[in-house]
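Below is one structure, written out as structure tokens; the observations come after it.
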Amino acid sequence: MSDLLGGLMKGLSGFMPQDDPAVQLMTAQSEVSDLVEKEKELYAEIGKKAAEQYGLDSFGPLADRVRLVQSNLSSAQERLKGL
């Protein structure tokens with residue numbers, strides 16, 4: 001959803017004067033949003049690699065939360081297949 005909004009903001013800013021403070025603000029906000037998203041993706045990748053290397057149990061309560069999400073995901077995927 002943030003990708004869609006970011007793309008819309010970038011598209012709209014193309015029609016407005018680039019020296020307009022509102023455009024500069026939208027551009028800066030979009031850049032920050034994109035970078036935050038990339039950072040999250042990288043941390044997720046690091047987390048997956050760490051879990052593979054050290055085992056999920058090394059991460060205490062987080063491991064239980066991951067397993068719960070994985071179980072819920074599996075159930076949701078099965079429901080989706082049934083539809």
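The values are calculated or read from the model by the stated rules, or taken from the named source; none is laboratory data. The structure displayed is predicted, hence computed values, not measured ones. Please note: Cβ atoms are built from the backbone with ideal geometry, for glycine as well, and neighbour counts cover all protein chains shown.
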Exercise. Scan segment 1-55 for residues that are more than 28 Å from residue 67 (Cα to Cα), hydrophobic (A, V, I, L, M, F, W, C), at pLDDT 70 or above and touching a helix residue (DSSP H, G or I) at 6+ places or on another chain (Cβ under 8 Å) and jot them down.
Key: 23, 26
Exercise. Please go through segment 21-44 and pick out each residue that is over 30 Å from residue 62 (Cβ atoms) and surrounded by 12 or more Cβ atoms within 10 Å (Cβ to Cβ).
Key: 23, 24, 26, 27, 29, 30, 31
